[in-house]
Amino acid sequence: MLRSELHIIEAFIGRYVYPSGEVAVVTNEQLGELFAEISVQFRAAILQQFFGGHRDASLIRYIRFHQAGLIRLANDISTFYGSDGEGVNGPAQIIGEGLDALMDHLEISYQKYIDKDISLSDYAMRHLEQTVIEDTSTFFDNTENPQETALLTAVTCSLAQLVENAGPGGLSFRQRESIIQAIQTVRICRDIESDDRAGRIFLLLYRQNFNCPAFVNWFKNRVEATHHSKAGPPELRAGELCRRLTETGMNPVPSIDPAFPPVNETLLTWLIDRAGLQDKPAEKGNTVPLNCSVPQLALFTRLLYQTGSFPVTNISDLFRFFSRNFTTKKQEHISIKSFRKAFYSSEQSTAAVVLDILKRMTVQVETLYFPK
């Protein structure tokens, strides 16, 4: 049976951080050394559970339980000591760094089981904010190209605002990973000689689904400026850009801000409108009529997509396919715009209808293939 190992850390914190009664008084340096020893014991105890023949579902719950527990302990430490932590190298910072290191260990060593959408600890958020400030401050060294400067400004402001406006819940492990990846991408690209370094940085961040409004606006401004300076119909150039971005593989999950749609959806929609490539209705007789509404069809598509049933990296292909090849009770032609809006909607009434359909489908499967 899997057992909690948080008692190892809790006992240590209870003795050295929340002292009551007779406890050993230690220096901050000794506190760090003692916590390092406890961390080794904690890691070994966690690892031992993976040799017990437990199922993945149990191990996922086990790792996520400890992940949440470490975050809770780190937040309790921050609350107990306050923001200053009794000095730069005080107990709060020592224990905070230690707990953060343990969470990093879980994230790296048990990547398959970790919850990437859980919020970071208060200490980890403060550390991330400092990292963003320090690392982005070097972006503008020896930068003379106006386009590149504008792009770096958009990226820097986006990251700073994301961290500053995170709110009480903070950012998730997934968002922190994406922020660090974006910073590393920019730093690597800036060390590479290129005639269009801004374009290279944009493409790599696009692949990462860097879905910040300032980043999107930079691309639109760049396209507008290019169209005014080059010969030829703007529609053709927008169509070519649309084709190139459509063929570019990318992370299907918005990497930075889940409040905004994926960057490819925003940019491709804009380019399609600009190029005059709005979706055209399919010929009558070539579509399949469905006895459901557009929101219900979109939710079914979203469920299949999120459970890995569609091996595609460009979700626009799904939007185009379903809008062109199906009709519903109320709409003979489904526009991509309406399908996209329904896809990202969170209407509970629609979800209730779909849930009822799924339950009926489950009953049919059990009746046909697993008769009692």
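Within the set N217, N251, the sole residue that is outside any helix (DSSP H, G or I), in contact (Cβ under 8 Å) with a residue 12 or more places away in the chain, closer than 26 Å to L271 by Cα and under 21 Å from the mean Cα position of the chain (by Cα) turns out to be N251.
Among the residues of segment 208-249, those that are basic (K, R) and at pLDDT 85 or above comprise K220, R222. E97 fulfils the conditions (1) surrounded by 13 or more Cβ atoms within 10 Å (Cβ to Cβ); (2) in the same structural domain as A182 (by TED's automatic domain parsing) except for a single criterion, (2). Within segment 132-152, restricting attention to residues that are part of a helix (DSSP H, G or I) and free of Cβ contacts under 8 Å to residues at least 12 places away in the same chain, the residue that is surrounded by the most Cβ atoms within 10 Å (Cβ to Cβ) is T149. Scanning segment 332-354 for residues that are hydroxyl-bearing (S, T, Y) and in contact with a helix residue (DSSP H, G or I) (Cβ under 7 Å, 6 or more places away or on another chain) yields S335, S338, S345, T350. Set side by side, the residues I38, I63, I114 differ, and just one is of a type in the set (V, I, T), in contact with a Leu (Cβ under 8 Å, 6 or more places away or on another chain) and part of a helix (DSSP H, G or I), which is I63. Restricting attention to segment 27-46, the residues that are in contact (Cβ under 8 Å) with a residue 12 or more places away in the chain and closer than 18 Å to L106 by Cβ add up to 9. For segment 298-327, the set of residues classified as surrounded by fewer than 17 Cβ atoms within 10 Å (Cβ to Cβ) and of a type in the set (V, I, T) consists of T307, V312, T313, listed by residue number.
Inspection of segment 329-339 finds no residue satisfying the criterion of being assigned to a helix (DSSP H, G or I), in contact with a strand residue (DSSP E or B) (Cβ under 9 Å, 6 or more places away or on another chain) and surrounded by 10 or more Cβ atoms within 10 Å (Cβ to Cβ). Residues in segment 289-328 that are among the aliphatic types (A, V, I, L, M) and over 20 Å from the mean Cα position of the chain (by Cα): L290, V294, L297, A298, L299, L318. Exactly one residue among R200, R176 is assigned by TED's automatic domain parsing to the domain that holds L271, at pLDDT 90 or above, under 16 Å from the mean Cα position of the chain (by Cα) and among the basic types (K, R), and that residue is R176.
The values are calculated or read from the model by the stated rules, or taken from the named source; none is laboratory data. Predicted model only: the values in this text are computed from it and were never measured. With ideal geometry, Cβ positions are generated from the backbone for all residues, glycine too; neighbour counts draw on all protein chains shown.
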